[in-house]
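**Student:** Can you keep this structure in mind? I'll have questions shortly.
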């Protein structure tokens with residue numbers, strides 16, 4: 001146990017005598033979930049605190065910063081995807097590729113025939129986000145959903161959609177929940 | 001499809017689920033919440049979390065990843081419960 005170790009014993013565990021040459025640096029990493037847990041929670045904590053501090057200092061400007069960051073991330077990730085004009089297909093592919101970070105499904109209420117809905121001169125698609133690293137970070141830190149960190153996801157999807165389809169879009173947070181969130185992707 | 005059941009004996013008719021659901025899945029009838037449009041439920045479990053009487057049960061929901069939990073803490077709790 002760590003608590004029973006002396007400082008010298010603790011320091012000793014970092015001295016393995018292994019020699020690394022550049023070409024021998026391992027290119028794969030597969031630690032178990034238990035080994036990753038503390039790292040992941042540390043990143044979540046840090047991310048949560050950055051956002052909290054940003055909100056305290058920048059106020060409403062925090063949303064613009066996080067949106068911009070998410071949008072850049074979305075463009076960056078999606079630039080390697082094949083370009084697709086069909087928005088439904090693009091969203092399905094995006095959900096497949098983002099599996100592990102975000103998973104979402106195209107969603108429609110029972111009374112609607114198609115996923116793409118045009119109402120009051122607005123064309124939109126409902127998206128239900130199931131797995132989301134943002135939601136998990138917020139819940140880890142006891143923070144409210146729908147704030148600046150959610151804006152990164154907003155920017156992310158908009159950036160990715162713009163990159164894949166070449167169409168401009170806007171994402172609206174309709175509802176947030178502990179297990180899934182409903183977003184409205186408005187197409188321009 | 002998601003199946004929702006409400007424990008009518010436990011429900012206190014506060015209407016929080018009715019107000020919270022963006023898809024109008026619930027309706028209050030005789031001061032008891034009734035899932036009138038379960039087919040529109042997207043499984044956000046928001047109603048489940050806010051129900052003060054814990055009267056709701058959802059079946060067939062996709063459980064999203066919960067990497068924010070502490071595995072060791074959950075293991076300890078499981079031993080106690």
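**Student:** Would you please name the residue that is nearest to the other protein chains (Cβ to nearest Cβ), looking only at residues in region B:17-27 that are in contact with a strand residue (DSSP E or B) (Cβ under 9 Å, 6 or more places away or on another chain) and either surrounded by 16 or more Cβ atoms within 10 Å (Cβ to Cβ) or part of a loop (DSSP other than H, G, I, E, B) (or both)?
**Tutor:** B:22
**Student:** Are there any pairs, at least 6 apart or on different chains, whose C-beta atoms fall under 6 Å, with the first in region A:39-61 and within 14 Å of chain B (Cβ to nearest Cβ) and the second buried (at least 16 other Cβ atoms within 10 Å of the Cβ) and part of a helix (DSSP H, G or I), and if so, which?
**Tutor:** A:44/A:137; A:44/A:140; A:47/A:137; A:48/A:137; A:48/A:141
**Student:** Mind telling me which of the residues A:117, A:157 ends up being within 20 Å of residue A:92 (Cα to Cα), in contact with a strand residue (DSSP E or B) (Cβ under 9 Å, 6 or more places away or on another chain) and surrounded by fewer than 21 Cβ atoms within 10 Å (Cβ to Cβ)?
**Tutor:** Answer to the selection: A:117.
**Student:** Now a separate question. Quick one: residue B:43 ticks every box in (1) over 11 Å from the mean Cα position of the chain (by Cα); (2) facing another protein chain (nearest Cβ under 8 Å); (3) touching a residue at least 40 places away in the same chain (Cβ under 8 Å) bar one, so which box is it?
**Tutor:** Only one criterion is unmet by residue B:43, namely (1).
**Student:** With respect to residue A:138, is the statement that it is crowded, with 22+ Cβ neighbours inside 10 Å and at the interface with chain B (Cβ under 10 Å from one of its Cβ atoms) true?
**Tutor:** Answer is yes for this residue.
**Student:** Filter region A:141-153 down to residues that are touching a strand residue (DSSP E or B) at 6+ places or on another chain (Cβ under 6 Å) and within 10 Å of another protein chain (Cβ to nearest Cβ), then give me how many there are.
**Tutor:** 1
**Student:** For region B:46-75, how many residues meet the condition of being away from every other protein chain (no Cβ under 13 Å) and in contact with a helix residue (DSSP H, G or I) (Cβ under 6 Å, 6 or more places away or on another chain)?
**Tutor:** The qualifying residues number 0.
**Student:** Working carefully through the options A:128, A:65, find the one that is part of a strand (DSSP E or B) and surrounded by 15 or more Cβ atoms within 10 Å (Cβ to Cβ).
**Tutor:** Within the list A:128, A:65, the selection yields A:128.
**Student:** Quick check, is residue A:31 more than 10 Å from chain B (Cβ to nearest Cβ), farther than 14 Å from residue A:161 by Cα and part of a loop (DSSP other than H, G, I, E, B)?
**Tutor:** Against the criterion (more than 10 Å from chain B (Cβ to nearest Cβ), farther than 14 Å from residue A:161 by Cα and part of a loop (DSSP other than H, G, I, E, B)), residue A:31 qualifies.
**Student:** Just one of A:89, A:110, A:119, A:105 is in contact with a helix residue (DSSP H, G or I) (Cβ under 6 Å, 6 or more places away or on another chain) and free of Cβ contacts under 8 Å to residues at least 40 places away in the same chain; which is it?
**Tutor:** Step by step, each of A:89, A:110, A:119, A:105 is checked, and only A:110 is in contact with a helix residue (DSSP H, G or I) (Cβ under 6 Å, 6 or more places away or on another chain) and free of Cβ contacts under 8 Å to residues at least 40 places away in the same chain.
**Student:** Checking the condition at pLDDT 90 or above and under 19 Å from residue A:64 (Cβ atoms), which residue from A:142, A:155 passes?
**Tutor:** On the way: A:142 fails: under 19 Å from residue A:64 (Cβ atoms).
One residue alone meets the criteria, A:155.
**Student:** When only residues in region B:59-76 that are touching a residue at least 40 places away in the same chain (Cβ under 8 Å) and surrounded by fewer than 18 Cβ atoms within 10 Å (Cβ to Cβ) count, which is nearest to residue B:9 (Cα to Cα)?
**Tutor:** Top of the filtered list is B:59.
The values are calculated or read from the model by the stated rules, or taken from the named source; none is laboratory data. As the structure is a computational prediction, the values presented were derived from the model and not from experiment. Every residue, glycine as well, gets a Cβ built from its backbone with ideal geometry; the counts of neighbours run over all protein chains shown.
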